[in-house]
2 protein chains.
Amino acid sequence: MISIGQLSKRTGVKIPTIRYYEQMGLIDAPERSVGNQRRYTKEGLSRLSFIRHSRELGFPLEDIRELLELSQHPEKPCGDAHGIANRHLNDVRDRIAKLTRLEGELKRIADCDSDNVAACAVIETLADHKLCETEH
Amino acid sequence: MISIGQLSKRTGVKIPTIRYYEQMGLIDAPERSVGNQRRYTKEGLSRLSFIRHSRELGFPLEDIRELLELSQHPEKPCGDAHGIANRHLNDVRDRIAKLTRLEGELKRIADCDSDNVAACAVIETLADHKLCETEH
DNA sequence: TATAATCCCTCTAGTAGCTATAGATACAAG
DNA sequence: CTTGTATCTATAGCTACTAGAGGGATTATA
C-alpha cells in the first residue's frame, strides 16, 4: 500500500497526471486511507507503468485504453494490438520523414550570414514558399 | 479584395483558423463588406502565407509573432531570427532522434507473430519496460 | 505530546492550436 | 425573387496535461 507520491516517484508519472488518469477511467479508483488519501497496490503500480510506457512510445490515451483492455484478456487474438502498433508505426515514420525534410530546410535558412533582416534568408524563406527546396 | 473563403483556398488555412489568428492578433482585422464580411487585400494574403509557411515548419505561434515583427523591420539585425530558427532546429533534431529510436522499438513489437495476447510481444513490451532494447 | 514540515485532498481554470456547432445573415447565379 | 452557398458571432469541445487556491492528513523531530 503506497501513497500517490510514492507511486509517482516509482513510475515517473506526476501526481496530477495520475489523478487525471483516474478521472479518465484509465486506472481504477484505488482504496483510501482513513484520512481519504489514495493507497495503491502492486496492480496499480503495474497498470500505471503500462500506461507510462505506452505514452513514452507515443500512443494516445484512447489507444492505450484499448491495449489495456486487450492485456486483461490473454486468450484473445492479438491482431488488434498489432493493428494499433502498426498504425502508430506508420504515423511515426511519416513524422520522421516530415521532420527530416524540415531539418534540411531549417539548416539552410539558419545558415544565412547576412546581418540585417532585409537580406535575411530566414525571413525571406518564410515569406516566400517558392524559395523552399523541398515539399512540405 | 477577396473573401475569407478565397483566402482560405489560396493559402490552405482553414476559415476558422484564419479567424482564430485574427483573434490572437497575428493578423490585422481586415476591412469589412457592407454586409459585415471580411475582405482581404494582397498584404493580408502574404502575411497569412508567412504564417502558414512558418506553421508548416513547426514554429509555435509565439515565435511566429516575433518573426512577423522582425519582418516588418528590414533594417534590424537578423540575429534574433537566426536564434529562433536555430532553437527550432535543435528541437527538430531532438524529435527526429527520439522518433527514430521509437521506430525501432515499434517495429520490433509490431513484428510479433504469436496469435493470442498471452504471448504477444506488443502487450508484453508495453507491460514490462525491461524488454525494451533502447532507452527512451 | 506539541509542532513543524511535508504530503495529500478537491475543485476550478488555464495551456496550444485549433475544430465543431448553432442560429442568424449576406451574397451570387438563374 | 428565389435558391443555394458563404459568412457572421458566440460558445463549447478537443488532447493531455499543468497550476493554483484553500484546506486536511501524515510523519519526523523536540
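The values are calculated or read from the model by the stated rules, or taken from the named source; none is laboratory data. Everything numeric in this text was worked out from a predicted model, so none of it was measured. All Cβ positions, glycine included, derive from the backbone under ideal geometry; neighbour counts span all protein chains shown. We work out accessible area using only protein heavy atoms, side chains counted, and drop any ligands, DNA or RNA first. Shrake-Rupley method; radii C 1.70, N 1.55, O 1.52, S 1.80 Å.
A few comments on the model shown:
- Subset of region A:52-61 [of a type in the set (A, V, I, L, M, F, W, C) and either near DNA strand D (Cβ under 8 Å from one of its atoms) or in contact with a Pro (Cβ under 9 Å, 6 or more places away or on another chain) (or both)]: A:Phe59, A:Leu61
For (1) within 29 Å of B:Arg95 (Cα to Cα); (2) charged (D, E, K, R), each residue gets a yes or a no:
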| site | (1), (2) |
| --- | --- |
| A:Ile2 | no, no |
| A:Gln6 | no, no |
| A:Ile18 | yes, no |
| A:Tyr21 | yes, no |
| A:Glu31 | no, yes |
| A:Lys42 | no, yes |
| A:Ser49 | yes, no |
| A:Arg55 | yes, yes |
| A:Asp63 | yes, yes |
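- The set of residues in region B:16-49 that are in a helix (DSSP H, G or I), more than 13 Å from DNA strand C (Cβ to nearest atom) and of a type in the set (A, V, I, L, M, F, W, C) contains only B:Leu45.
- Check on A:Gln23, more than 14 Å from DNA strand D (Cβ to nearest atom) and over 22 Å from B:Glu103 (Cβ atoms): no
Okay, residues lined up against (1) touching a residue at least 24 places away in the same chain (Cβ under 8 Å); (2) open to solvent by 60 Å² or more (accessible area, probe 1.4 Å):
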{"residue": "A:Met24", "(1), (2)": "yes, yes"}
{"residue": "A:Glu31", "(1), (2)": "yes, yes"}
{"residue": "A:Tyr40", "(1), (2)": "yes, no"}
{"residue": "A:Phe50", "(1), (2)": "no, no"}
{"residue": "A:Arg55", "(1), (2)": "no, yes"}
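- Boolean, A:Gly104 is assigned to a helix (DSSP H, G or I) and away from DNA strand D (no atom under 16 Å from the Cβ): yes
- A:Ile64 fulfils the conditions (1) assigned to a helix (DSSP H, G or I); (2) more than 16 Å from DNA strand D (Cβ to nearest atom); (3) aliphatic (A, V, I, L, M) except for a single criterion, (2).
- Restricting attention to region B:72-90, the residues that are surrounded by 15 or more Cβ atoms within 10 Å (Cβ to Cβ) and either among the charged types (D, E, K, R) or modelled with pLDDT under 80 (or both) total 8.
- Screening the candidates B:Leu61, B:Leu68, B:Leu45 for the property of being over 20 Å from B:Ile4 (Cα atoms), out of contact with any Cys (no Cβ under 7 Å at 6 or more places or on another chain), more than 11 Å from chain A (Cβ to nearest Cβ) and in contact (Cβ under 8 Å) with a residue 12 or more places away in the chain yields one hit, B:Leu61.
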